[in-house]
Amino acid sequence: MGLALAIANQLFPSNKLRSAMQNAFELERLLYSDTLGTWCDYRDISSSAMAMNGFCSGAPGMGSVYLKLHAWGITDFDDDLEKAINKVVSTEIMPRDH
């Protein structure tokens, strides 16, 4: 949701959209687990161990979003970008990584 709001704010800049975008990413921050080193996956998947590193969930997906924000000059979430990059480069491909 945060990326959709960021795109909308790029096309139709407003304080309301920017605030909604920031709130969405603050919610994402709540899903980050220091223990796992990535964003939690709360789907009922027995092999996930509460996290996946696929494009649509976990560090690769979040990192892609944060890279786009950084490219747009939105640097509020660069610490999250760094976490995502660190996880991606330090994780081997998982058997269920999609």
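So here's what we get for this one:
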{"quantity": "Where a residue in the stretch 1-16 is modelled with pLDDT under 95 and its partner, wherever it lies, is of a type in the set (Asp, Glu), with Cβ under 8 Å and at least six apart", "calculated": "Gly2/Glu28"}
{"quantity": "In the stretch 66-82, residue farthest from Arg29 (Cα to Cα) [restricted to those that are in a helix (DSSP H, G or I) and open to solvent by 70 Å² or more (accessible area, probe 1.4 Å)]", "calculated": "Ala71"}
{"quantity": "First in the stretch 22-33 and in a strand (DSSP E or B), second anywhere and open to solvent by less than 70 Å² (accessible area, probe 1.4 Å) and aliphatic (A, V, I, L, M), Cβ under 8 Å, 6 or more apart", "calculated": "Ser33/Ala51"}
{"quantity": "Condition met for Ala24 (at pLDDT 95 or above, under 14 Å from the mean Cα position of the chain (by Cα) and open to solvent by less than 70 Å² (accessible area, probe 1.4 Å))", "calculated": "yes"}
{"quantity": "Tally, over the stretch 40-98, of residues that are among the polar types (S, T, N, Q), modelled with pLDDT of 75 or more and closer than 29 Å to Ala20 by Cβ", "calculated": "3"}
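The values are calculated or read from the model by the stated rules, or taken from the named source; none is laboratory data. Computed from a prediction, not measured in an experiment: that's the story for all the values here. Every residue, glycine among them, receives a Cβ derived from its backbone with ideal geometry; neighbour counts consider all protein chains shown. Keep in mind that these areas ignore ligands, DNA and RNA; they rest on the heavy atoms of the full protein, side chains included. Shrake-Rupley method; radii C 1.70, N 1.55, O 1.52, S 1.80 Å.
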